[in-house]
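The values are calculated or read from the model by the stated rules, or taken from the named source; none is laboratory data. Model, not experiment: these values are computed from the prediction. So basically every Cβ, Gly included, is an ideal-geometry build from the backbone, and we count neighbours across all protein chains shown. Side chains included, ligands, DNA and RNA excluded: accessible areas come from the protein's heavy atoms. Shrake-Rupley method; radii C 1.70, N 1.55, O 1.52, S 1.80 Å.
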Amino acid sequence: MKRIIILGSTGSIGKSALEVVEKYPERFKVVALAACKNHELLFEQIKKFKPEIAALSDPAAADILAAKAGIPVLSGEEGLKTIASYAGASFVISAIVGFAGLAPTLAAIRSGKDIGLANKEALVTAGSVVMEEAGKYGVKILPVDSEHSAVFQCIDGRPGIDEKAKHNPPFEGEIILTASGGPFLGKSRKELESMTPNEAVSHPNWKMGKKISVDSATLMNKGLEVIEAHHLFQVPPERIKVLVHPQSLVHSMVEFQDGSLIAQLSVPDMKAPIAYALSYPERLKGVIPRLDLTRAGNLSFMSPDTETFPCLLYAYDAIREGGTAPAVLNAANEIAVEAFLSGAIGFNDIPVIIKNTMQSHSSKNKSKNKKLSDERDAVEADSNARRSAARLVEEIKAGKRR
Ligand code: MG
């Protein structure tokens with residue numbers, strides 16, 4: 001019986017993870033749940049899955065839950081970190097959205113638990129620290145992101161994730177991450193100007209939370225995933241490619257140095273990568289419906305349109321610049337997406353805010369930008385970048401009103 005903790009249990013990945021747990025009760029037991037502020041749903045989950053302890057980062061929501069939960073309910077970032085390192089479990093699904101997931105993910109690693117990582121921002125903003133700590137504490141970081149799970153399945157047995165693979169040759173080939181292209185695939189810059197938050201969150205193939213749906217529409221999600229892959233598989237950015245594949249059946253591929261390609265396919269359902277992370281190296285029976293290739297239609301692949309969707313290029317820039325640049329990229333993106341979702345800025349303002357924030361950070365921090373000494377560097381860069389990005393949002397809003 002694997003005893004697990006789910007961070008972000010009320011979000012899209014958290015709910016799918018609980019479906020997997022519910023389907024295989026003989027294999028998995030949830031011992032702790034944590035979320036941001038959705039106390040109603042967390043209360044329902046507590047009644048159903050009977051964890052020993054829970055947390056909500058929002059203190060007011062935590063108070064409401066504590067009054068009725070019947071188990072200890074913690075609050076704040078400290079509460080999340082305590083849950084992440086709770087002694088009664090050996091595996092943590094890290095599925096909090098955004099930079100807020102970094103501190104609890106590191107707490108889980110430092111308590112020696114293997115991680116099913118859905119929170120890509122932990123690797124984006126402090127990837128070198130996360131991977132170093134994972135090595136130091138001997139924990140596995142198993143990808144829950146569908147593309148990285150696909151790559152992992154294609155190069156299984158190579159160093160990076162599995163300690164036992166340390167003596168195998170490293171992966172020398174190329175990683176090819178696939179991207180659905182999101183809801184705005186094929187649209188022109190002009191057409192994008194008038195796109196609304198509702199249109200941006202209507203993803204054609206995947207059911208996801210709002211933040212990641214907007215990231216998918218801007219291609220920033222793929223940019224963050226390039227950075228994630230760079231750290232997870234220790235592959236330089238020039239060997240990570242992106243192909244748009246609108247059918248979302250090939251979840252990613254690897255190309256070996258001899259020219260062979262291996263791809264991983266399945267119906268698009270996040271329960272597959274979640275279950276594989278939970279059960280690795282075993283495979284569970286019947287996790288998702290089988291893919292009927294005779295009904296799948298044609299599979300197509302094309303290069304991303306980075307002129308219309310430049311966010312992908314900014315992610316490569318951030319890797320090349322190194323240090324805190326990816327944390328700045330991520331912070332600016334979080335602020336810009338939030339502003340877009342609230343109606344404060346337009347869709348095309350998102351890349352403008354990211355680019356300008358990165359440029360001002362880069363000119364200010366030339367000497368500081370080399371290597372993160374620990375996660376505090378990322379935290380500092382994150383808060384500075386948030387302030388600059390928020391100022392840009394205000395300027396754009398003011399410009400619009402004029
Ligand atoms: Mg993904």
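Any chance the stretch 376-392 includes a residue that's in contact with a helix residue (DSSP H, G or I) (Cβ under 6 Å, 6 or more places away or on another chain) and β-branched (Val, Ile, Thr)? Checking the stretch 376-392: not a single residue is in contact with a helix residue (DSSP H, G or I) (Cβ under 6 Å, 6 or more places away or on another chain) and β-branched (Val, Ile, Thr).
Specify which of the listed residues (LEU341, LEU329, LEU291, LEU372) is aliphatic (A, V, I, L, M) and over 23 Å from the mean Cα position of the chain (by Cα).
On the way: LEU341 fails: over 23 Å from the mean Cα position of the chain (by Cα); LEU329 fails: over 23 Å from the mean Cα position of the chain (by Cα); LEU372 fails: over 23 Å from the mean Cα position of the chain (by Cα).
Exactly one residue qualifies, and that residue is LEU291.
Counting only helices (runs of 4 or more DSSP H) that fall entirely inside the stretch 197-258 and contain at least 2 residues that are touching a His at 6+ places or on another chain (Cβ under 7 Å), the qualifying elements are 210-218, 220-232.
Scan the stretch 160-173 and give yes if some residue there is among the polar types (S, T, N, Q) and at pLDDT 95 or above, otherwise no. So far as the stretch 160-173 goes, no, none of its residues is among the polar types (S, T, N, Q) and at pLDDT 95 or above.
Conditions tested, residue by residue: (1) open to solvent by less than 40 Å² (accessible area, probe 1.4 Å); (2) on the phi > 0 side of the Ramachandran plot; (3) at pLDDT 95 or above.
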site	(1), (2), (3)
SER85	no, no, yes
PHE91	yes, no, yes
PHE99	yes, no, no
THR105	yes, no, yes
SER111	no, no, yes
GLY116	yes, no, yes
ASN119	yes, no, yes
VAL124	yes, no, yes
ARG158	no, no, no
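Residues in the stretch 235-247 that are open to solvent by less than 10 Å² (accessible area, probe 1.4 Å) and either closer than 20 Å to ALA118 by Cβ or among the hydrophobic types (A, V, I, L, M, F, W, C) (or both): VAL235, ILE240, VAL244. You will find that of SER373, SER300, the residue that is farther than 21 Å from LEU224 by Cβ, assigned by TED's automatic domain parsing to the domain that holds LYS210 and not hydrophobic (A, V, I, L, M, F, W, C) is SER300 and no other.
Scanning the stretch 327-338 for residues that are open to solvent by less than 10 Å² (accessible area, probe 1.4 Å) and of a type outside the set (Val, Ile, Thr) returns ALA327, LEU329, ASN330, ALA331, ALA332, ASN333, ALA336. Among the residues of this structure, PRO273 does not count as one that is farther than 18 Å from HIS148 by Cβ and either modelled with pLDDT of 95 or more or in contact with a Cys (Cβ under 7 Å, 6 or more places away or on another chain) (or both).
Listed conditions (1) without any contact (Cβ under 8 Å) to a residue 40 or more places away in the chain; (2) open to solvent by less than 70 Å² (accessible area, probe 1.4 Å); (3) under 23 Å from the mean Cα position of the chain (by Cα) are all met by GLY286, apart from (3). For the residues LEU224, LEU265, LEU232, LEU278, the requirement of being away from the ligand (no atom under 14 Å from the Cβ) and either touching a helix residue (DSSP H, G or I) at 6+ places or on another chain (Cβ under 7 Å) or open to solvent by less than 60 Å² (accessible area, probe 1.4 Å) (or both) singles out LEU278. Taking the stretch 95-125, which residues are outside any helix (DSSP H, G or I) and of a type in the set (Val, Ile, Thr)? ILE96, VAL97, ILE115 - these are the residues of the stretch 95-125 that are outside any helix (DSSP H, G or I) and of a type in the set (Val, Ile, Thr).
Taking the criterion of being within 16 Å of GLU334 (Cβ to Cβ), within 14 Å of the ligand (Cβ to nearest atom) and either open to solvent by 10 Å² or more (accessible area, probe 1.4 Å) or of a type outside the set (Gly, Ala, Ser) (or both), the residues of the stretch 192-213 that qualify are MET208, GLY209, LYS211, ILE212. For the structure I just gave you, tell me whether ASP58 is touching a Cys at 6+ places or on another chain (Cβ under 8 Å) and open to solvent by 20 Å² or more (accessible area, probe 1.4 Å). Yes. Just so you know, in the stretch 134-146 the residues that are open to solvent by 20 Å² or more (accessible area, probe 1.4 Å) and in a helix (DSSP H, G or I) include one that is nearest to ASP317 (Cα to Cα), and it is GLY135.
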